[in-house]
């Protein structure tokens, strides 16, 4: 098969995971929460700080020429609020200020502006002044120059995006009174001044971030003796209920003393420091706000997705473990009825010269003495047909036809089969002794239309085949037990399965409508009212792909064919009986656990890896470890039930990451192909329709 689907699957997954990890990084580092202000008022000035600054007013202008310190006019108070906007406290403070007819100045944190731009717009609409307080509440006194520039540029951009304005007012985080400025603070003020910003300090610190009650805040914030003041309070960064409680008292107290409230710039005699932003700055700021809001939405969305993935994984593990135990109790040791039905075996083969002989001989020894084997050589370019004819047994016939694909080969084999019970086996498969007899025994129940056998991996050398070996035992084997209990098995594996001729006739034979004919035929039988059951004791060993390329083609066909089959038989959800069991039990399982879960599972791996690397989100890593242990236990249980060795258990954790990632890529490939309308076909070479030719096997 040569699929015609697009080949962008690697880039699709890489792009999704890159965006996911970048958003996590942005949300947990750039958008990291604001810390509690430190006790910076205890700092002592150093030798480099000019006396005009350490002993001067709360506004320091270092933009050009000698530094200028501006003081507040007597009898004037400028209320300033840091660390907002906050969706809880900022609206309450705005409402109180409006009721008291008091203007204020808000020094906003850029990340909060991006998260709540409507609050900043409300501040400016009410006539309040807005200044910057960096983007992440970073300490500019210790930040490298690149971080300082980034903090201020990002803050200025989001303010432009939120309000369409720009400002030169800057209050450095962890700053307070003028006499607490040290050499590092002064160096930062010089750097920000060179970038065009005014440094705003305070004269009164309400210490509302540590005050026990509103009275303490009022005492710390109220100036004395009619002196002008810049009062430092907070409208974000923590619980500001005491600030809200103290604000009204503070305003009433100061008004009673004759104080006048105004904005910061008016209080120190400066013209407004706010100007309209350019159209480009406004557009850029709006885009940055959108990006940050999208990034901020990723962690909660990821937490929700990871929670759903964890729930689905847990449900699947419990279902498979419970079904395995229940299936064993139901089936127990089953004796073979006598006499056994007569069986015809159909083996479609395309370029299977190396395996066809062992396949045919195993069928002849499969426990049913009355068997005939039909090998259909589907346009092989090697000596498959000649190799099959070397089996010197009159019960073996070889049919040759131009290459028409597996469904056509199976239908040709059924047409030449002699008996009513038809076993279909892939040419690279070797059935175990007694397997054919056990499949035939299940046909003793006249309601059974098909029997799925237990497929195992034959070639177990190398990492890729061993991972498939674990998958066949852990997933396929346990799932078929679950489907058997549900009363509607959606797949009869092409490697080994048995069918009743009348059941095949009732659905028109093997259809070529999908790439997964083994799934399509099982679903069609269920919808026609036939039971499709599972014999876990009917073993067959099949060869699996040993290269990534071959595995990709196989799993792409399976995933795409499963999608096609689900869509083809979607109306089963409204039907009754066995068809209803298929539609309301098996199809949802396939959608959730074979399509949706493989798509989402790599996000768990990425989130766990990021959490371990960054130390910010350890929960996904713990969840991953927990489910890895659960998978390990389930694998051990499944291997024991199938009488397999436990020596390959150590591969399960690696399988959960690397192999699961490959399955995700395959699923993406199939979904993209389906979305784009790609229609790969089974047929490899000739599309000519010619009559099959029958050749009795000869010596």
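Residue by residue, here is whether (1) in a helix (DSSP H, G or I); (2) over 22 Å from residue 129 (Cα atoms) holds:
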residue: 153; (1), (2): yes, no
residue: 160; (1), (2): yes, no
residue: 173; (1), (2): no, no
residue: 185; (1), (2): yes, yes
residue: 224; (1), (2): no, yes
residue: 231; (1), (2): no, no
residue: 239; (1), (2): no, yes
residue: 242; (1), (2): yes, yes
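Can you name the number of the only condition in (1) in contact with a strand residue (DSSP E or B) (Cβ under 9 Å, 6 or more places away or on another chain); (2) within 24 Å of residue 167 (Cα to Cα); (3) surrounded by fewer than 20 Cβ atoms within 10 Å (Cβ to Cβ) that residue 207 fails? The number of the failed condition is (2). Being part of a helix (DSSP H, G or I) and without any contact (Cβ under 8 Å) to a residue 40 or more places away in the chain holds for only one residue in 505, 524, 579, 601, and it is 505.
Restricting attention to the stretch 62-88, the residues that are closer than 14 Å to residue 238 by Cα and surrounded by fewer than 23 Cβ atoms within 10 Å (Cβ to Cβ) total 2.
Of the residues making up the stretch 209-218, none is within 15 Å of residue 104 (Cα to Cα), in contact (Cβ under 8 Å) with a residue 60 or more places away in the chain and in the same structural domain as residue 84 (by TED's automatic domain parsing). If you go through the stretch 100-123 and keep only what is without any contact (Cβ under 8 Å) to a residue 60 or more places away in the chain and either surrounded by fewer than 21 Cβ atoms within 10 Å (Cβ to Cβ) or closer than 20 Å to residue 230 by Cα (or both), you end up with 101, 108, 118, 121, 122, 123. Out of 220, 285, 193, one residue alone is farther than 20 Å from residue 177 by Cβ and either assigned to a helix (DSSP H, G or I) or modelled with pLDDT of 90 or more (or both). It is 285. Of the numbered criteria (1) outside any loop (DSSP other than H, G, I, E, B); (2) within 49 Å of the chain's Cα centre (by Cα); (3) free of Cβ contacts under 8 Å to residues at least 60 places away in the same chain; (4) surrounded by fewer than 16 Cβ atoms within 10 Å (Cβ to Cβ), the one residue 328 fails is (3).
Every residue in the stretch 114-143 that is assigned to a helix (DSSP H, G or I) and in contact with a strand residue (DSSP E or B) (Cβ under 9 Å, 6 or more places away or on another chain), please. Of everything in the stretch 114-143, those that are assigned to a helix (DSSP H, G or I) and in contact with a strand residue (DSSP E or B) (Cβ under 9 Å, 6 or more places away or on another chain) turn out to be 119, 120, 123, 124. Of the strands (runs of 3 or more DSSP E) lying entirely inside the stretch 45-95, those containing at least 2 residues that are within 24 Å of residue 271 (Cα to Cα), within 53 Å of the chain's Cα centre (by Cα) and outside the structural domain of residue 168 (by TED's automatic domain parsing) span 59-61.
State all residues of the stretch 344-368 that are within 16 Å of residue 422 (Cα to Cα) and either in contact with a helix residue (DSSP H, G or I) (Cβ under 7 Å, 6 or more places away or on another chain) or assigned to a strand (DSSP E or B) (or both); if no residue qualifies, say none. Residues satisfying the conditions are 344, 345, 346, 347, 348, 360, 363, 366, 367, 368. From the list 258, 290, the lone residue that is more than 21 Å from residue 126 (Cα to Cα) and either more than 32 Å from the chain's Cα centre (by Cα) or not in a helix (DSSP H, G or I) (or both) is 258.
Taken together, 538, 600 contain a single residue that is touching a helix residue (DSSP H, G or I) at 6+ places or on another chain (Cβ under 6 Å), surrounded by 22 or more Cβ atoms within 10 Å (Cβ to Cβ) and assigned by TED's automatic domain parsing to the domain that holds residue 454, which is 538.
Yes or no, residue by residue, for (1) surrounded by 13 or more Cβ atoms within 10 Å (Cβ to Cβ); (2) assigned by TED's automatic domain parsing to the domain that holds residue 480; (3) closer than 27 Å to residue 602 by Cβ; (4) in contact (Cβ under 8 Å) with a residue 24 or more places away in the chain:
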{"position": "269", "(1), (2), (3), (4)": "no, no, no, yes"}
{"position": "281", "(1), (2), (3), (4)": "yes, no, no, yes"}
{"position": "289", "(1), (2), (3), (4)": "yes, no, no, yes"}
{"position": "294", "(1), (2), (3), (4)": "yes, no, yes, yes"}
{"position": "318", "(1), (2), (3), (4)": "no, yes, yes, no"}
{"position": "321", "(1), (2), (3), (4)": "yes, yes, yes, yes"}
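The values are calculated or read from the model by the stated rules, or taken from the named source; none is laboratory data. It should be emphasised that the depicted structure is a prediction, and the values quoted were computed from it without experimental measurement. Cβ sites come from the backbone with ideal geometry, for glycine too, and all protein chains shown count toward neighbours.
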